[in-house]
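Here's the structure we're looking at; comments come further down.
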Amino acid sequence: MQYQISGKQIDIGDALQTHVRDELSGVVQKYAERPTNANVVFSKSAHEFVCEATVHLSTGLTAQAKAHATEIYAAFDGCSEKMEKQLRRYKRRLKDHHKERAQPVELSGAASYILASEDGSDDSEPESLKPMIVAEMETKIPSLSVGEAVMQMELAGAPVLVFRNEGKDGLNVVYRRDDGNIGWIDP
């Protein structure tokens, strides 16, 4: 597994990098069969250290965790515990509800845009119907079953996930509703 351990405006020493590699590899190997890479970023927010970790699995699923603490090692340990909990739940769901995926998830490309919000209140009319694009990025749309899409959305902590439905070969959307349930759009 490849590791990328970095710090935003803070220096990350060799001892911390070794600790992160050892602990994260233990957690990931325990619950995930084929992890491909891990990205761990440390930053400082006021008096606290923040640790954000992302682990990509060969099945196409991504596990993310974030933790805050006054010490940098404690921030990583909290992040590691959250990651372990997510991967444990993921593995339990795979055993309970889903067959093992033999080949990796197929990904197709798409464009993703971030639009600028209007300055002012929601009551005002926009000046034009052409919103200003703040950012344009490439994104991947995975081919998943509905259960895997819900699991991926929950692992990523995202409010919505667009995916290609393996069963019907069309684009579908799963999203978290205000009442806490999951919605599924199947056009």
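The values are calculated or read from the model by the stated rules, or taken from the named source; none is laboratory data. Everything numeric in this text was worked out from a predicted model, so none of it was measured. All Cβ positions, glycine included, derive from the backbone under ideal geometry; neighbour counts span all protein chains shown.
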* **So Gly157, is it on the phi > 0 side of the Ramachandran plot and either at pLDDT below 80 or touching a Leu at 6+ places or on another chain (Cβ under 7 Å) (or both)** => yes
* Scanning the range 1-17 for residues that are part of a strand (DSSP E or B) and of a type outside the set (S, T, N, Q), which turns out farthest from Lys85 (Cα to Cα)? -> Gly7
* Here are Val55, Val50, Val20: which of them is part of a helix (DSSP H, G or I), in contact with a helix residue (DSSP H, G or I) (Cβ under 7 Å, 6 or more places away or on another chain) and among the β-branched types (Val, Ile, Thr)? -> Val20
* Asked: Taking the range 142-176 only, how many residues are in a strand (DSSP E or B) and not aliphatic (A, V, I, L, M)?
  -> 8
* To do: Name the single residue, out of those in the range 164-180 being closer than 11 Å to Ser145 by Cα and basic (Lys, Arg), that is surrounded by the most Cβ atoms within 10 Å (Cβ to Cβ).
  => Arg164
* Structure fact -> Counted residues in the range 61-85 being buried (at least 19 other Cβ atoms within 10 Å of the Cβ) and touching a strand residue (DSSP E or B) at 6+ places or on another chain (Cβ under 8 Å) come to 9
* Structure fact -> Tyr90 passes all but one of the listed conditions (1) surrounded by 14 or more Cβ atoms within 10 Å (Cβ to Cβ); (2) farther than 22 Å from Pro159 by Cβ; the exception is number (2)
* To do: Mind listing just one residue for me: the one in the range 23-47 that is of a type in the set (Lys, Arg) and not in a helix (DSSP H, G or I) and, of those, farthest from Gln2 (Cα to Cα)?
  => Lys44
* Which numbered condition Pro35 misses (of (1) closer than 15 Å to Ala75 by Cα; (2) touching a strand residue (DSSP E or B) at 6+ places or on another chain (Cβ under 8 Å)) -> (1)
